[in-house]
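In what follows, a single structure is set out as structure tokens and then discussed.
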Amino acid sequence: MNYTIEKITTLIGARRIGTADAFVGWLLTDSRSLCFPEETLFFALKTQRNDGHHYIADLYRRGVRNFVVSDLPADIPSDANFLVVPSPLEALQRLAERHRDEFDIPVVGITGSNGKTMVKEWLYQVLSPDHRVTRSPKSFNSQIGVPLSVWLLNEQTEIGLFEAGISQPGEMPALADIIQPTIGVLTSIGAPHQENFRSLEEKCMEKLQLFHDAQAVIYNADDDLVSRCIRRSNFKGKRIGWRRDELLSMYQLPFIDEASVECSLAVAATALYLGVTPEQLSERMARLEPVAMRLEVKEGQHGCTLINDSYNSDINSLNIALDFMARREETQRTLILSDIYQSGMSDYDLYSKVNSLCVERGVQHLIAIGPRINAQRNLFTLKEQHFFERTGKFLRSDVFRQLHDAVILIKGARDFGFDRITEQLEQKVHETILEVNLNAVVDNLNYYRSFLKPETKLVCMVKADAYGAGAVEVRYHAEHHDYES
């Protein structure tokens, strides 16, 4: 959805400097993620460690002409718009809130200490066969991530799924105003960020503020703490407390670890409330795929690095995945992409956009699989590109056998079975797998940052392959992350 710059000026209550006409479709807070400058509105956010105003001149040189600022630059270009506000962050949140007001659809707000992303991604897997679902990218659940997520709602969205995370008291009301959930899902309450709360009960009550105006809240009725806090909250909507033994007797789950089981059952209860039939749910729950498949980096054969995002495909997640790939140092970038379903765009407009994304993100080699993307092959302008009707034909081709020394993003709808591509490209060396929680690494880094003055610089040395955690992955995650709690 595009807004005129005049409309945005009104929505965020800004003072506008500049008269250039513009339509805005993309919001930007990180200058490194710029893709479509002519449609981008940059919010110059100030944090304890950085100031977005420092990047305005560079973004202007790269084609951006619309900025939300609290301080005007010394030289104001005549062809640019500057929207002056007291706080660009609050302006970003207000714009997302006004955007959310445009939609009268079921919106699921998910909060808790653990499992938010797992519940969101699995709900997406269960609901997407019947509905066009917009969800938070990755773990976008912060004061910045939530408005960027809600902005992705569009005319085709039928259900929204959004995470909300807080690290201290007083943060949830702003997120509640932005998400405006009609359905709330509360996951488990545990230790993360506990240092800023006097008790687990206080933290749970803070998180429950997200559901103040929701029609229903879904929670684990076997959890005494959660149940007690639900009663204390005086929640006026419908309370749906699920029971472990009852749901486990009804559905077969592909997981055995406790965290995955609890998240799966929260998904089941929510899907049933949203109208998924027990028969549909039984079939779909048995096919839930690990969330690790989202942007999972693996070592591939023949000098390749694999970025596996092979169970879903939409234009927004493609943009995020391409941005993720573009930040890596490998020079040869290959995209393996399937048909994109339920975009709400014509195939011509959709694949024109895909080609533009590939060009902007520096993709050199496109491998496109599916009849619809094949029908639009004339829209693509990459130096090297190959088209296949089916995954099997690609796997039997010389194009597959000749892949080497490249970073390869594997991005496809589940129907195309791209897991077969990953299995054949992956370097099979170890029988034991070590899983590293990179968000925990960032939490540790933020903990030590909290003892420093905001202006103090911190240098991180990654040595000895990060002691087995993966030097490249740790380095890029630390470099990319905003370091906000």
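The values are calculated or read from the model by the stated rules, or taken from the named source; none is laboratory data. Keep in mind the model is a prediction, meaning the values are calculated, not measured. No Cβ is skipped: glycine too gets one built from the backbone with ideal geometry, and neighbour counts run over all protein chains shown. What goes into the accessible areas is simple: the full protein's heavy atoms, side chains included, and nothing from ligands, DNA or RNA. Shrake-Rupley method; radii C 1.70, N 1.55, O 1.52, S 1.80 Å.
Convert 25 °C to kelvin, take the viscosity as 0.890 mPa s, use the Kirkwood radius over C-alpha pairs of segment 91-250 as Rh, and evaluate the Stokes-Einstein diffusion coefficient in µm²/s, rounded to a whole number. Once the numbers are plugged in, D ends up at 155 µm²/s. Converting phi to 3J(HN,Hα) with the Karplus coefficients 6.51, -1.76 and 1.60 and the offset θ = phi - 60°, segment 70-87 yields 9, 10, 7, x, 5, 10, 9, x, 6, 9, 10, 10, 10, 9, 8, 9, x, 9 Hz in sequence order, with x at every glycine or proline. Extension gain, Met461 to Glu289, is 58.5 nm, computed as 0.36 nm per intervening residue step minus the present C-alpha separation. When you count the other C-beta atoms within 10 angstrom of each residue and take the mean per peptide, 434-447, 227-240 line up highest first as 227-240, 434-447.
Summing charges over neighbours of Ile110, with a neighbour being any other residue whose Cβ is under 12 Å away from its Cβ, gives +2 when K and R count +1 and D and E count -1. By DSSP, the beta bridges lying fully in the chain are antiparallel in about 20 percent of cases. The mean sequence separation of alpha-carbon pairs under 8 Å and at least six residues apart, normalised by the residue count of segment 1-72, gives a relative contact order of 25 percent. By the Cβ rule of 4.7 Å, the chain holds the following cysteines without a possible disulfide partner: Cys35, Cys263, Cys304, Cys358, Cys460. For the pair segment 39-72 and segment 406-476, the centres of their Cα atoms are 29 angstrom apart. Please work out whether segment 176-328 counts as rounded, prolate or oblate from its C-alpha gyration tensor, where a ≥ b ≥ c are the square roots of the eigenvalues and a/c under 1.5 means rounded, while otherwise a/b larger than b/c means prolate and anything else oblate? Because a/c hits 1.5 or more and a/b exceeds b/c, segment 176-328 counts as prolate.
Just the number, please: carbon plus sulfur as a percent of the accessible area of segment 140-188, 1.4 Å probe, no ligands or DNA/RNA counted. Summing carbon and sulfur atoms, their accessible area is 49 percent of the total for segment 140-188. Each stretch of four or more DSSP H residues adds -39500 (n - 2.57); spread over every residue of the chain, this sum gives -10000 deg cm²/dmol at 222 nm. 3J(HN,Hα) couplings calculated from phi for segment 271-282 with the Karplus curve 6.51 cos²θ - 1.76 cosθ + 1.60 (θ = phi - 60°) are, in sequence order, 4, 4, 5, 7, x, 5, 6, x, 5, 4, 5, 4 Hz; Gly and Pro show x.
How many angstrom lie between the Cα centre of segment 104-177 and the Cα centre of segment 1-29? Each part reduced to its Cα centre gives a spacing of 24 Å.
What lysines sit close enough to Lys298 to cross-link, taking a C-alpha to C-alpha distance under 25 Å and skipping anything fewer than 8 places away on the same chain? Filter leaves Lys116, Lys120, Lys138, Lys393, Lys411, Lys428, Lys463. So what is the relative contact order for the chain, in percent, with contacts set as C-alpha pairs under 8 Å and at least six apart? Relative contact order for the chain comes out at 11 percent. Residue order by solvent-accessible surface for Glu329, Glu423, Glu296 is Glu329, Glu423, Glu296, largest first, with ligands and nucleic acids left out and a 1.4 Å probe. Hydrodynamic estimate: the Kirkwood radius of segment 48-143 over Cα pairs, inserted into Stokes-Einstein at 37 °C and 0.692 mPa s, corresponds to D of 196 µm²/s. The residues neighbouring Leu382, those whose beta-carbon lies less than 13 Å from its own, together hold a net charge of +2 under the Lys/Arg +1, Asp/Glu -1 convention.
Rolling a 1.4 Å probe across the protein heavy atoms gives segment 116-167 an accessible surface of 24 Å² per residue. Sorted from longest to shortest, the spans of the Cα atoms of segment 1-111 along the three principal axes equal 45, 33, 27 Å. The residue list Thr10, Ala216, Leu272 was ranked by how far each Cα lies along the charge dipole of the chain toward its positive end, using unit charges on Cβ atoms, and Thr10 comes out on top. On segment 315-354, 50 percent of the accessible area sits on carbon and sulfur atoms, based on a 1.4 Å probe. Protection proxy ranking for 275-285, 412-422, using the average of other Cβ atoms within 10 Å per residue and placing the highest first: 412-422, 275-285. A cut-off of 5 Å between modelled amide H atoms, ignoring neighbours fewer than 5 places along the same chain, links Gln385 with Leu366. Residue ranking by accessible heavy-atom surface, 1.4 Å probe, largest first, among Glu289, Glu455 comes out as Glu455, Glu289. Each Cα pair under 8 Å and six or more residues apart adds its sequence gap; the mean of these over the residue count of segment 282-416 is a relative contact order of 35 percent. Treating the Cα atoms of the chain as identical point scatterers in vacuum, please give the log10 of the normalised Debye intensity I(q)/I(0) at q = 0.08, 0.09, 0.11, 0.14 Å⁻¹, two decimals. These q points yield log10 I(q)/I(0) values of -0.51, -0.65, -1.01, -1.63.
Each Cα pair of segment 92-184 feeds into the Kirkwood radius, which the Stokes-Einstein equation turns, at 37 °C and 0.692 mPa s, into a diffusion coefficient of 254 µm²/s. Report note on the peptides 319-325, 84-90: ranked by the mean count of other C-beta atoms within 10 Å, highest first, their order is 319-325, 84-90.
The distance linking segment 219-279 with segment 378-399 is 44 Å (Cα centroid to Cα centroid, whole angstrom). For segment 254-362, the spread of Cα positions along the three principal axes, ordered from largest to smallest, is 46, 36, 19 Å.
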